[in-house]
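To start, the structure under review is shown below, and the notes come after it.
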Amino acid sequence: MSRSEGIAHVTAQQGSEAVTTIVLADDHAVVRSGLRMLLDNEPDFEVVAEAGDLESAQRYVRGHHPRVLVLDLNMPGGSSLEAIPHIREQAPDTQIVVLTMQQEPAFARRALGAGAIGYVLKEAADDELVEAVRRASAGESYLNPRLGARLASEPPPGPPDDLSAREVDVLRLIALGYTNAEIADQLYLSVRTVETHRAHIQQKLSLSTRAELVGYALRRGLINSDDGK
């Protein structure tokens, strides 16, 4: 790793405390200023760059390798929803938290399906953004609770992609953070059988990480944003 990459890598060290590096992307300078003050007020956060358009956001992610990108859905220069998979491909260690005024569940489904790990409404940013960024830094998902409740109340959008009923059970527990051994205990299966189910699930869905599986489970209404062990 080069010196510049090392300086701006996933986390920096400030004293003995790990710092979460953040690129902040919103097309309104006043909004960015307020969000930066909110984030910089956290001792373990560091905003390393601000972007006012989608092209700049992608360039800063490539250059700074932040742990978290806070991304507005409505950005000049293209579709943020379409850009999310490309950003994740170019910077797989960067987690994406969407910050938006869009309150329709369909937008949350699309964003999570595209590869975002968090979805925060701007009207609730003061209360939720810090938690969402902190969870994203740890590889954990965050969905605005009101939107999560709406998603949970709607029927799953379509068939479960050829998953069996048992695979759906396993997927739900994976998304809730259970280990293979804990899933085996919950479903009265062997660990080897759970591992086989997990491999089949990942193959059928073309998903490889737990964050991706969580996003899928949220979109399909298999879990709520506030579910937990």
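For the list (1) surrounded by fewer than 23 Cβ atoms within 10 Å (Cβ to Cβ); (2) outside any loop (DSSP other than H, G, I, E, B); (3) of a type in the set (A, V, I, L, M, F, W, C), I need the number of the one condition that M75 fails.
(2) is the only condition that M75 fails.
Within the group L121, L163, L147, L112, which residue is surrounded by 14 or more Cβ atoms within 10 Å (Cβ to Cβ) and closer than 29 Å to Y188 by Cα?
On the way: L121 fails: closer than 29 Å to Y188 by Cα; L147 fails: closer than 29 Å to Y188 by Cα; L112 fails: closer than 29 Å to Y188 by Cα.
Only one candidate qualifies: L163.
Filter the range 50-72 for residues that are assigned to a loop (DSSP other than H, G, I, E, B) and either among the hydroxyl-bearing types (S, T, Y) or buried (at least 21 other Cβ atoms within 10 Å of the Cβ) (or both) and give the result. It would help to see each step written out before you state the result.
Within the range 50-72, the first condition is being assigned to a loop (DSSP other than H, G, I, E, B), and the residues that meet it are 52-53, 65-67.
Hits for the range 50-72 are H65, P66, R67.
Search the range 6-29 for residues being part of a helix (DSSP H, G or I) and farther than 21 Å from E55 by Cβ, and hand back the single one that is modelled with the highest pLDDT.
Applying the first criterion (part of a helix (DSSP H, G or I)) to the range 6-29 yields 6-7, 29.
Those still in the list that are farther than 21 Å from E55 by Cβ too: 6-7.
Values: G6: 42, I7: 38.
Among those residues, the one meeting the criterion is G6.
For the range 180-222, which positions are of a type in the set (G, A, S), crowded, with 19+ Cβ neighbours inside 10 Å and out of contact with any Gly (no Cβ under 9 Å at 6 or more places or on another chain)? Give the derivation first.
Applying the first criterion (of a type in the set (G, A, S)) to the range 180-222 yields 181, 184, 190, 199, 206, 208, 211, 215, 217, 221.
Adding the requirement that they be crowded, with 19+ Cβ neighbours inside 10 Å leaves 184, 211, 215, 217.
A184, A217 - these are the residues of the range 180-222 that are of a type in the set (G, A, S), crowded, with 19+ Cβ neighbours inside 10 Å and out of contact with any Gly (no Cβ under 9 Å at 6 or more places or on another chain).
Tally time: how many residues in the range 159-208 are in a loop (DSSP other than H, G, I, E, B) and either in contact with a His (Cβ under 9 Å, 6 or more places away or on another chain) or in contact (Cβ under 8 Å) with a residue 12 or more places away in the chain (or both)? Give the steps one after another, and end with the answer.
Step one: filter the range 159-208 for residues in a loop (DSSP other than H, G, I, E, B), giving 159-164, 176-179, 188-190, 206-208.
Keeping just the survivors that are either in contact with a His (Cβ under 9 Å, 6 or more places away or on another chain) or in contact (Cβ under 8 Å) with a residue 12 or more places away in the chain (or both) gives 160-164, 176-178, 189.
Count: 9.
Among the residues of the range 84-102, which ones are without any contact (Cβ under 8 Å) to a residue 40 or more places away in the chain, loosely packed, with under 13 Cβ neighbours inside 10 Å and not in a helix (DSSP H, G or I)?
P92, M101
The values are calculated or read from the model by the stated rules, or taken from the named source; none is laboratory data. This is a predicted model, so every value here is computed, not measured. We place every Cβ from the backbone using ideal geometry, glycine too, and count neighbours over all the protein chains shown.
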